[in-house]
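Here the structure comes first, spelled out in structure tokens, and everything after it is commentary.
The values are calculated or read from the model by the stated rules, or taken from the named source; none is laboratory data. What you see is a predicted model; the values in this text were computed from it and never measured. Note: ideal-geometry Cβ built from the backbone for every residue, glycine included; neighbour counts use all protein chains shown.
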Amino acid sequence: MKTYALRLHPREDLKSVLDSFAEKHKLEAACVVTCVGSLQKAALRFANQEKSVLMEGKFEIVSLTGVVSIHGSHYHIAISDGEGRTYGAHLMDGSEIYTTAEIVLAELDSLRFLRTFDPQTGYPELDIQS
């Protein structure tokens with residue numbers, strides 16, 4: 001397993017940077033180990049919803065988890081606002097860093113993550129290959 005550490009800066013797009021990082025490093029299979037930081041815009045798709053929402057304000061990144069691959073990634077995020085209210089959802093493009101995001105990724109060199117359409121769910125789901 002190989003690890004990577006990266007820091008995102010104000011106004012960078014969290015999902016877009018992660019996806020670009022996967023492309024640049026040709027990551028076939030990786031996962032998010034940890035992430036701390038903050039957002040000033042959060043583009044989220046809540047459970048069982050077709051459309052995403054854009055929330056603006058100051059949010060702490062409480063958790064970021066996901067599988068990362070040049071063949072398609074899937075991220076979930078939990079953020080909290082200034083009152084401590086916490087929101088969890090799919091991370092979408094348009095989630096903008098406020099001050100920083102400090103991220104550690106782990107590359108799983110013996111695996112390959114593909115996205116294959118699953119007729120049972122109707123979505124391209126994780127297809128794990130050795």
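Per-residue answers, yes or no, for (1) farther than 23 Å from residue 5 by Cα; (2) surrounded by 19 or more Cβ atoms within 10 Å (Cβ to Cβ); (3) among the acidic types (Asp, Glu):
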| residue | (1), (2), (3) |
| --- | --- |
| 40 | no, no, no |
| 43 | yes, yes, no |
| 56 | yes, no, yes |
| 83 | yes, no, yes |
| 89 | yes, yes, no |
| 105 | no, yes, no |
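Report yes if some residue within region 17-36 is out of contact with any helix residue (DSSP H, G or I) (no Cβ under 8 Å at 6 or more places or on another chain), in contact (Cβ under 8 Å) with a residue 24 or more places away in the chain, more than 13 Å from residue 105 (Cβ to Cβ) and small (Gly, Ala, Ser); otherwise report no. No - not one qualifying residue is present in region 17-36. Looking across 17, 53, one residue alone is out of contact with any Asp or Glu (no Cβ under 7 Å at 6 or more places or on another chain), of a type in the set (A, V, I, L, M, F, W, C) and over 27 Å from residue 112 (Cα atoms). It is 53. Within region 71-104, the set of residues being in contact with a strand residue (DSSP E or B) (Cβ under 9 Å, 6 or more places away or on another chain) and more than 22 Å from residue 45 (Cβ to Cβ) comprises 82, 99, 100, 102, 104.
Checked against the criterion of being touching a residue at least 60 places away in the same chain (Cβ under 8 Å) and of a type in the set (S, T, N, Q), the candidates 86, 116, 121, 99 yield just one match: 99.
Kindly indicate the residue of region 92-103 that is β-branched (Val, Ile, Thr) and surrounded by 16 or more Cβ atoms within 10 Å (Cβ to Cβ) and also farthest from residue 24 (Cα to Cα) among those meeting that condition. So the residue we want is 97.
Say whether the condition of being modelled with pLDDT of 95 or more, within 18 Å of residue 8 (Cα to Cα) and either part of a strand (DSSP E or B) or out of contact with any strand residue (DSSP E or B) (no Cβ under 8 Å at 6 or more places or on another chain) (or both) is met by at least one residue in region 111-126. The answer is no; no qualifying residue exists.
Confirm whether residue 73 is closer than 15 Å to residue 105 by Cα and either touching a Leu at 6+ places or on another chain (Cβ under 7 Å) or without any contact (Cβ under 8 Å) to a residue 12 or more places away in the chain (or both). Yes: the conditions hold for residue 73.
Does region 19-54 hold any residues that are of a type in the set (A, V, I, L, M, F, W, C) and closer than 16 Å to residue 89 by Cβ, and which are they? Selection gives 32, 35, 39, 42, 43, 44, 46, 47, 53, 54.
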